[in-house]
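Novice: This is the structure, below, for whatever I ask next.
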Amino acid sequence: MPDTPPCPTPNLDPTADLAITNVTALVHGDGGSIEFLDDATILVKDGKILSVTAGPDVAPSDGVAARDVARDVALATVTIDGRGQVAMPGLINCHTHSPMVMFRGAAENVSSSDWFNKKIWPMEVNLTESDVTLATRLACAEMIAGGTTTFADHYFMMDRIADVVDETGMRANLGWTYFSSEGAAGFDRGLSFALERNASASGRITTSLAPHGDYTVNDDDLRRTAAAGLEHDLLVHIHAAESRIQTRQTRALRGISPIQVLDSTGILAGRTLIAHGKGVVPEDLPLLAAAKGRVGVGSAPKGYLKVGEETTPIRALLSAGVAVGLATDGAASNNTLDVWESMTMTSLVQKFVEQDELWMTARQVLGIATTGSAAAVGLAGVVGSLAPGHQADIILVDLSGPHTQPIHDLAATLVYSARSADISTTIVAGRVLMQDRRLLTVDLPSTMSALAPRLAQLTDISHGKSIQDYGF
Ligand SMILES: [Zn+2]
């Protein structure tokens with residue numbers, strides 16, 4: 001063969017799998033500011049965002065010429081006309097227990113300790129793997145319908161939850177909960193799950209180590225968790241500084257705060273996702289600031305209001321450089337898995353607790369709902385922004401309803417007027433999971449008819465057993 005170089009490959013522009021046209025796109029400007037591009041076109045290929053361009057005549061920023069965008073729209077496999085709608089990054093639920101939708105409304109008007117000791121932990125004795133599968137399908141239906149594309153889950157039988165994430169097309173970070181009362185088996189099972197299922201479901205599943213809390217997992221197990229997290233680069237997802245009461249009791253018992261427990265056991269040396277953090281105290285802030293870039297906090301304000309408690313000190317956490325994201329916790333305490341609702345409440349509750357009407361504006365909370373939440377679950381640069389190279393996790397919000405018209409300030413319309421039911425379309429990794437409010441990957445009627453006969457047995461606590469004892 002003659003020693004000649006191969007013919008140059010023709011410089012073919014990539015053809016999009018999906019094009020969303022005529023939409024107003026929420027994008028992030030310099031410094032993470034929230035901006036809106038009118039008359040935008042979003043192109044998606046191989047599950048990722050290829051380009052986001054404003055107007056047919058504006059040259060895109062990623063070097064693809066405007067005429068190529070028009071050509072790609074014409075050639076795209078699927079085109080969605082987004083006229084009258086806003087495209088946003090899919091919502092991220094930074095802390096939930098998705099199968100607990102099966103206990104929605106089953107533990108109302110009780111104290112926090114009775115909620116655990118007399119209701120939830122006795123009811124969880126009844127769980128079967130089939131219950132967890134069915135309840136997770138219901139949870140995924142609710143999340144997809146509410147525009148959530150990623151959720152960080154902390155529960156039992158996590159292999160069944162992973163199977164449902166795979167089948168429904170969602171994205172999730174999954175951690176199998178363990179208590180020290182289980183002995184070594186709990187930690188071992190959690191680590192095996194994390195190693196086996198990480199990067200599964202075409203990369204949509206990432207995993208974490210999920211010790212239940214700093215008060216239900218002893219220091220030795222927290223140290224083992226920290227070491228394994230660092231060794232395998234796994235997120236550690238843990239309930240910590242859950243409330244001021246918990247912080248007070250931990251200080252009384254041990255002389256240090258829950259965040260100091262995480263620091264002294266090495267948890268804060270790795271990537272950490274803290275659920276709630278309502279009991280974070282001033283001396284914790286330097287420790288959290290030192291873990292900047294590795295530590296995130298998920299805040300679920302609705303459940304805090306329901307039990308009349310304080311909320312996450314978001315202003316102090318953000319000042320310390322901690323990533324803060326939105327969460328719902330489980331539906332047994334929050335009644336919904338509606339992250340949109342968390343977004344609205346976070347703005348309102350933060351204004352209230354800080355007594356500052358200029359704090360946590362609509363744009364600030366949209367930043368928390370997007371890049372903030374992505375950072376909190378360890379997926380910064382992967383999801384949370386409609387930017388080239390990010391995963392194509394996109395929702396379309398229909399603002400044609402009377403409660404969202406007219407629009408003078410789009411950020412305010414989204415946060416204070418729109419509802420999750422205004423979301424028409426949910427896309428994960430370029431795959432449409434809901435279109436025009438029709439769920440495409442979950443059969444909700446069959447899920448509910450299979451779950452319904454189990455409800456009485458699931459909530460029966462006459463056996464007198466419990467999976468754990470809550471000491472606060
Ligand atoms: Zn929780």
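Novice: Could you check the stretch 270-287 and list, in sequence order, the residues that are of a type in the set (A, V, I, L, M, F, W, C) and surrounded by 21 or more Cβ atoms within 10 Å (Cβ to Cβ)?
Specialist: Leu273, Ile274, Ala275, Val280, listed by residue number.
Novice: Let me ask something else. Please give the number of the condition Met360 fails out of (1) touching a residue at least 12 places away in the same chain (Cβ under 8 Å); (2) more than 16 Å from the ligand (Cβ to nearest atom); (3) under 23 Å from His154 (Cβ atoms).
Specialist: (3)
Novice: Moving to a separate point now. Does the stretch 323-333 contain any residue that is farther than 23 Å from Ile245 by Cα, polar (S, T, N, Q) and touching a helix residue (DSSP H, G or I) at 6+ places or on another chain (Cβ under 9 Å)?
Specialist: Scanning the stretch 323-333, I find no residue that is farther than 23 Å from Ile245 by Cα, polar (S, T, N, Q) and touching a helix residue (DSSP H, G or I) at 6+ places or on another chain (Cβ under 9 Å), so the answer is no.
Novice: Check Asp338 against each of (1) surrounded by 20 or more Cβ atoms within 10 Å (Cβ to Cβ); (2) out of contact with any helix residue (DSSP H, G or I) (no Cβ under 6 Å at 6 or more places or on another chain); (3) assigned by TED's automatic domain parsing to the domain that holds Gly293 and name the one condition it does not meet.
Specialist: Evaluating Asp338 over (1) surrounded by 20 or more Cβ atoms within 10 Å (Cβ to Cβ); (2) out of contact with any helix residue (DSSP H, G or I) (no Cβ under 6 Å at 6 or more places or on another chain); (3) assigned by TED's automatic domain parsing to the domain that holds Gly293 leaves (2) as the failure.
Novice: Output the number of the condition that Ala290 fails; it satisfies all remaining conditions of (1) crowded, with 16+ Cβ neighbours inside 10 Å; (2) over 28 Å from Ala107 (Cα atoms).
Specialist: (1)
Novice: Taking Asp409 and the conditions (1) more than 22 Å from Cys94 (Cβ to Cβ); (2) without any contact (Cβ under 8 Å) to a residue 24 or more places away in the chain; (3) surrounded by fewer than 19 Cβ atoms within 10 Å (Cβ to Cβ), which numbered condition does it fall short on, given that it satisfies the others?
Specialist: (2) is the only condition that Asp409 fails.
Novice: Here is a list: Ala228, Ala240. Which entry is within 16 Å of the ligand (Cβ to nearest atom), of a type in the set (Gly, Ala, Ser) and either farther than 17 Å from Glu283 by Cα or in contact with a Pro (Cβ under 7 Å, 6 or more places away or on another chain) (or both)?
Specialist: On inspection, the qualifying residue turns out to be Ala240.
Novice: State the number of residues belonging to the stretch 341-365 that are in contact with a Ser or Thr (Cβ under 8 Å, 6 or more places away or on another chain) and over 15 Å from Leu410 (Cα atoms).
Specialist: Of the residues in that region, 8 qualify.
Novice: Let me ask something additional. Residues Thr207, Thr150: which one is touching a residue at least 40 places away in the same chain (Cβ under 8 Å) and either in contact with a Leu (Cβ under 6 Å, 6 or more places away or on another chain) or more than 16 Å from the ligand (Cβ to nearest atom) (or both)? Explain how you work it out, then say what you get.
Specialist: On the way: Thr207 fails: touching a residue at least 40 places away in the same chain (Cβ under 8 Å).
Going through Thr207, Thr150 in turn, just one is touching a residue at least 40 places away in the same chain (Cβ under 8 Å) and either in contact with a Leu (Cβ under 6 Å, 6 or more places away or on another chain) or more than 16 Å from the ligand (Cβ to nearest atom) (or both): Thr150.
Novice: Something else: Report, by residue number, each residue of the stretch 375-391 that is of a type outside the set (A, V, I, L, M) and within 12 Å of the chain's Cα centre (by Cα).
Specialist: Passing the criteria: Gly378, Gly384.
Novice: Restricting attention to the stretch 451-460, does a residue exist that is of a type in the set (S, T, N, Q) and within 23 Å of Thr128 (Cβ to Cβ)?
Specialist: So far as the stretch 451-460 goes, yes, one or more of its residues are of a type in the set (S, T, N, Q) and within 23 Å of Thr128 (Cβ to Cβ).
Novice: Go through the stretch 261-350 and tell me which helices (runs of 4 or more DSSP H), entirely inside it, have 1 or more residues that are within 15 Å of the ligand (Cβ to nearest atom).
Specialist: Hits in the stretch 261-350: 301-306, 331-334.
Per-residue answers, yes or no, for (1) closer than 17 Å to Leu26 by Cα; (2) in the same structural domain as Leu326 (by TED's automatic domain parsing):
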{"residue": "Gln355", "(1), (2)": "no, yes"}
{"residue": "Arg363", "(1), (2)": "yes, yes"}
{"residue": "Pro402", "(1), (2)": "no, no"}
{"residue": "Leu410", "(1), (2)": "yes, no"}
{"residue": "Tyr416", "(1), (2)": "yes, no"}
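Novice: Would you mind listing the helices (runs of 4 or more DSSP H) fully within the stretch 119-176 where at least 1 residues are of a type in the set (Lys, Arg)?
Specialist: 129-145, 158-168
Novice: Now for a separate question. Return yes when Thr250 is in contact with a Pro (Cβ under 8 Å, 6 or more places away or on another chain) and farther than 23 Å from Asp153 by Cβ and no when it is not.
Specialist: Working: in contact with a Pro (Cβ under 8 Å, 6 or more places away or on another chain): yes; farther than 23 Å from Asp153 by Cβ: yes.
Judged against the criteria, Thr250 is a match.
Novice: Ok, one more. Which condition does Ile161 not pass, out of (1) crowded, with 21+ Cβ neighbours inside 10 Å; (2) more than 26 Å from Ala375 (Cα to Cα), if it passes all the others?
Specialist: Ile161 satisfies all of (1) crowded, with 21+ Cβ neighbours inside 10 Å; (2) more than 26 Å from Ala375 (Cα to Cα) except (2).
Novice: Let me ask something additional. Let me spell it out: the conditions are (1) in contact with a helix residue (DSSP H, G or I) (Cβ under 9 Å, 6 or more places away or on another chain); (2) within 16 Å of the ligand (Cβ to nearest atom), and Arg171 meets all of them except one. Which number is the exception?
Specialist: Of the numbered conditions (1) in contact with a helix residue (DSSP H, G or I) (Cβ under 9 Å, 6 or more places away or on another chain); (2) within 16 Å of the ligand (Cβ to nearest atom), the odd one out for Arg171 is (2).
Novice: What are the residues in the stretch 85-119 that are within 16 Å of the ligand (Cβ to nearest atom) and either in contact with a helix residue (DSSP H, G or I) (Cβ under 6 Å, 6 or more places away or on another chain) or free of Cβ contacts under 8 Å to residues at least 24 places away in the same chain (or both), if any?
Specialist: If the condition is that a residue be within 16 Å of the ligand (Cβ to nearest atom) and either in contact with a helix residue (DSSP H, G or I) (Cβ under 6 Å, 6 or more places away or on another chain) or free of Cβ contacts under 8 Å to residues at least 24 places away in the same chain (or both), then Ile92, Asn93, Cys94, Ser98, Pro99, Met100, Val101, Met102, Phe103, Arg104, Ala107 are the ones that fit.
Novice: So Ala226 clears everything in (1) part of a loop (DSSP other than H, G, I, E, B); (2) more than 18 Å from the chain's Cα centre (by Cα) except one condition, right? Which one?
Specialist: So the condition that Ala226 fails would be (1).
The values are calculated or read from the model by the stated rules, or taken from the named source; none is laboratory data. Note that the structure is predicted; figures quoted are calculated from it, not measured. Every residue, glycine as well, gets a Cβ built from its backbone with ideal geometry; the counts of neighbours run over all protein chains shown.
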